There are 2 protein chains.
Amino acid sequence: MSSAEQTVRVPAGLKGVQVTDTEIGDVRGSEGFYHYRQYSAVELAEKRSLEDVWQLLLDGSLPANRAASEQFASLVRGQRDLPAGVSEQLPGIVAAGSASGDPGGGNPLGSLRTALSLAGSAWGLQPIWDLDQQQLRRDLIRICAATPTLVAAIYRLSNGLEPIQPDAQLSHAANYLFMVTGERPEAELARALEQYLILTVDHGFNSSTFTARVIASTGADAAAAVVGAIGALSGPLHGGAPSRALDTIHAIGSPERAEDYIRGLLSGGERVMGFGHAVYRTEDPRSAMLSGVAQRLGGGLVDLAVQVEKTVLEVLAETKPERPLYTNVEYYAGVVMDRCGLPEDMFTPTFAVSRVIGWCANIAEQARERKLIRPSARYIGPPAPAPVPEAD
Amino acid sequence: MSSAEQTVRVPAGLKGVQVTDTEIGDVRGSEGFYHYRQYSAVELAEKRSLEDVWQLLLDGSLPANRAASEQFASLVRGQRDLPAGVSEQLPGIVAAGSASGDPGGGNPLGSLRTALSLAGSAWGLQPIWDLDQQQLRRDLIRICAATPTLVAAIYRLSNGLEPIQPDAQLSHAANYLFMVTGERPEAELARALEQYLILTVDHGFNSSTFTARVIASTGADAAAAVVGAIGALSGPLHGGAPSRALDTIHAIGSPERAEDYIRGLLSGGERVMGFGHAVYRTEDPRSAMLSGVAQRLGGGLVDLAVQVEKTVLEVLAETKPERPLYTNVEYYAGVVMDRCGLPEDMFTPTFAVSRVIGWCANIAEQARERKLIRPSARYIGPPAPAPVPEAD
């Protein structure tokens, strides 16, 4: 847009730029606190089920009593099956991704992007502006309920295993673990994963959430918005790091090797994955809780992770006293997911299983706003118009 | 982000907010002028081929001579085939969309979104930050070159026809028409469509372009960014209107009915599709040129469209003198595409065939910027934290 129009310059990457109002939640980076609606996310993860938190995000309030809680849980359990025509396409989708020669059966987030896009068409989703509130709610629930089914099926097909049908006796988190591993999980593992999922449902206007809202602002169908968000989540700057932190822990191998390894990394100018965050100036509240979740489960990997974390923080405090760094969500997220039996290439897809609930709450809010998001840019190229040379 | 952080408030929908610098082009709404790099887009459409303009957008300059022009055209001709595994999946993708009961074989943009996502995985596209400039350029060319092949195949499969292989003898525009209709187009029709495509390659930071840039800012692969942009383009506020303007023209049917029909619409408080634009305060320069393109082709529909436009502008000037409205790009875009033999449900997918070139130029620019786009929002819900009630 030319300088003749009214324009506003903002910080690069829209950092700190409040692009809209929201009632979904907030992140208070300097306090190490974040919340969904009026509730601390950490406290929700301590006290409530994922389904309750899902309803809180989507409808604006927690279920008032056990009957209301069970009613919503029952509603979403009934939406786990894939729409007609999608299951049949999944092997081809996974095979096309694998044929590219990617190790590990291709990129599971890429397959999820394709499969969810296909599911959106198979459901016949209509533009969100053509829907009343109940129709949009139905579409958003379908998307969130079917995402674990897609993720698990893609994982199993990539590994030469038959997909597993959802089990309506299990909670959202337990059923997801069941569909991935083929075994009904122990209660404590299902609860640990559920707490991880609750903690990562939403987190302010991160890039994938913002992507979903920009697409929704055009009135496009909800699957279009979620598919775009999955794309953003696949970026290494956004959703790609939990396995890298775990890789570091595995590479260290035993507690007594931690200090030498960490000093070696830092003196070589490398970053230690799982530490530091763009928003938090304190410990990441998600990390603090997930550390407790991991220690509740226990085991050799957890003991190692605790020791490595302690060492990293000590060495960082000693070598970079001017810039305190804290453990971020990725560090213990990887440990918890590993402990629950999820393989590393499922860490980011599992993040999508929870975050899709936050995206969908944001799509619903954006649908009510009915305002196109269409920014501007400053042209800094050569002055126009220059005469166009004729093709010779 | 809490008020303790440094925040900036901006106009709703980021209107007029310059989120970044660009060298790709600009829209000067008050002048009725827009340009790609330093050249008037309209002048480019008068003088150059689509392939030349594509190179201008992607590489920053027009080919210096005929040999350079032919070299790029030859390069992109060689990239029209779909990657292994995609053609086999297309019938299933189209069928899943049609099974939803949508009239006309489902939503072709939804199928394109799925198919391009699949193609991205089949090419094994890597995160843009892991690529050097030549590798990224190769990926972007693949996406743009294969998009018409996908769009045409989806159209034909939706209508029970066999997809047609690309013809390397034909230009990008002519080959697209050939793959849709099954007939090698007359030169004047191919040129008319080519001029439409050139005029719609890019247009500032519209919502789909911005979506592509937000996704690219995470470092995700280029297909992830384009798939998100297709989603935004599918929104009724963005890419959905060319067929509606044509519907109005068809509904009027003959020139002498124009005035009564238009007065009827306006007195009923309805909008006339194809008039007015968010940015231009003058005639849309794309409309002015496409009107000429249409009249060059001639025919009954074109005569009718010219008469209807004249009537609409007269009636609008009489009934709404305080708010001058001008013809926008959609009006003659529909007429030109219809005249070229493209059915109405292909109008927005055809828009994607050109706009993908703009998206990809923007992805390349965003890749060089290496800065995550992560805005913020203002929380306006009930104060947090409130105590979380125990599940009863």
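The values are calculated or read from the model by the stated rules, or taken from the named source; none is laboratory data. All values reported here derive from a predicted model rather than from experimental measurement. All Cβ positions, even for glycine, are placed from backbone atoms using ideal geometry, and neighbour counts span all protein chains on display. These area figures cover heavy atoms from the full protein model, side chains too; ligands, DNA and RNA do not enter into them. Shrake-Rupley method; radii C 1.70, N 1.55, O 1.52, S 1.80 Å.
Condition first: buried (at least 16 other Cβ atoms within 10 Å of the Cβ) and either in contact with a Phe, Trp or Tyr (Cβ under 7 Å, 6 or more places away or on another chain) or free of Cβ contacts under 8 Å to residues at least 40 places away in the same chain (or both). Now tell me which residues in region B:294-304 satisfy that.
Passing the criteria: B:294, B:302.
Of the numbered conditions (1) assigned to a loop (DSSP other than H, G, I, E, B); (2) away from every other protein chain (no Cβ under 14 Å); (3) open to solvent by less than 10 Å² (accessible area, probe 1.4 Å), residue B:219 satisfies every one except a single condition; which is it?
Answer for residue B:219: the failing condition is (2).
Please determine whether any residue of region A:1-17 is more than 8 Å from every other protein chain (Cβ to nearest Cβ), open to solvent by less than 60 Å² (accessible area, probe 1.4 Å), polar (S, T, N, Q) and free of Cβ contacts under 8 Å to residues at least 40 places away in the same chain.
Within region A:1-17 (the criterion being more than 8 Å from every other protein chain (Cβ to nearest Cβ), open to solvent by less than 60 Å² (accessible area, probe 1.4 Å), polar (S, T, N, Q) and free of Cβ contacts under 8 Å to residues at least 40 places away in the same chain), the answer is no, since none of the residues qualifies.
Quick check on this structure: which one of A:339, A:374, A:355, A:378 is among the charged types (D, E, K, R), in contact with a Lys or Arg (Cβ under 8 Å, 6 or more places away or on another chain) and buried (at least 19 other Cβ atoms within 10 Å of the Cβ)?
Of A:339, A:374, A:355, A:378, the one residue that is among the charged types (D, E, K, R), in contact with a Lys or Arg (Cβ under 8 Å, 6 or more places away or on another chain) and buried (at least 19 other Cβ atoms within 10 Å of the Cβ) is A:374.
Would you kindly identify the helices (runs of 4 or more DSSP H) lying entirely within region A:292-392 that contain at least 3 residues that are within 28 Å of residue B:212 (Cα to Cα)?
Of the helices (runs of 4 or more DSSP H) lying wholly inside region A:292-392, those with at least 3 residues that are within 28 Å of residue B:212 (Cα to Cα) span A:347-369.
Can you name the residue in region B:272-293 that is open to solvent by less than 20 Å² (accessible area, probe 1.4 Å) and aliphatic (A, V, I, L, M) and, of all such residues, is farthest from residue B:237 (Cα to Cα)?
Filtering first and then ranking leaves B:293.
Looking at region A:48-97, which of the residues that are touching a Gly at 6+ places or on another chain (Cβ under 8 Å) and open to solvent by less than 40 Å² (accessible area, probe 1.4 Å) is nearest to residue A:122 (Cα to Cα)?
Per the criteria, the residue is A:85.
Scan region B:274-288 for residues that are assigned to a helix (DSSP H, G or I) and more than 12 Å from chain A (Cβ to nearest Cβ) and jot them down.
Hits for region B:274-288 are B:286, B:287, B:288.
For region B:23-140, list the helices (runs of 4 or more DSSP H) that sit wholly inside it and hold at least 2 residues that are facing another protein chain (nearest Cβ under 9 Å); which are they?
So the answer is B:41-47, B:66-77, B:86-99, B:108-122.
If you scan region B:28-47, which residues turn out to be touching a residue at least 24 places away in the same chain (Cβ under 8 Å) and open to solvent by less than 10 Å² (accessible area, probe 1.4 Å)?
B:29, B:34, B:36, B:41, B:44, B:45
Please find, within region A:222-239, the residue that is nearest to the other protein chains (Cβ to nearest Cβ) out of those that are outside any helix (DSSP H, G or I) and of a type in the set (Gly, Ala, Ser).
Only one residue fits best here, namely A:235.
Run down A:149, A:211 and say which single residue is in contact (Cβ under 8 Å) with a residue 24 or more places away in the chain, over 17 Å from residue A:48 (Cβ atoms), polar (S, T, N, Q) and buried (at least 23 other Cβ atoms within 10 Å of the Cβ).
A:149
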